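The values are calculated or read from the model by the stated rules, or taken from the named source; none is laboratory data. Since this is a predicted model, take the numbers as computed values, not measurements. Here the Cβ is made from the backbone with ideal geometry for all residues, glycine too, and neighbour counts use every protein chain on show.
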Amino acid sequence: MNEIYRWYGKEEWIPRHELSYVWWTYFVASNYQALPFEGGIADQPTWIWYDFSHYEEMAEFEQLMFEREELQRRLTGRNE
């Protein structure tokens with residue numbers, strides 16, 4: 001996480017609510033159907049979308065870092 005921490009800066013990517021990561025995992029696991037609060041997408045608080053979008057970016061960043069390491073391993077011929 002050090003690289004994403006530097007990428008976003010210390011204050012900007014930190015979620016605003018402790019439970020938002022749990023809600024985000026349920027949301028993703030439900031194939032983006034189970035929202036944390038009642039109602040539809042428009043009824044969700046804006047801060048929850050802020051947190052969710054940052055979790056998506058962090059997950060994507062982590063996946064890209066894994067792919068980068070795998071590509072470097074393949075290019076250098078290392079089989080660890």
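Computed values, structure above
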read-out	value
Selection count, region 22-46, where residues are surrounded by 11 or more Cβ atoms within 10 Å (Cβ to Cβ) and in contact with a helix residue (DSSP H, G or I) (Cβ under 8 Å, 6 or more places away or on another chain)	6
Condition met for G39 (modelled with pLDDT of 80 or more and farther than 14 Å from Y55 by Cα)	yes
First in region 51-80 and closer than 30 Å to P15 by Cα and modelled with pLDDT under 85, second anywhere and among the β-branched types (V, I, T) and outside any helix (DSSP H, G or I), Cβ under 9 Å, 6 or more apart	H54/I14
Residues of region 36-50 that turn out to be in contact (Cβ under 8 Å) with a residue 12 or more places away in the chain and either touching a strand residue (DSSP E or B) at 6+ places or on another chain (Cβ under 9 Å) or not β-branched (V, I, T) (or both), as a count	3
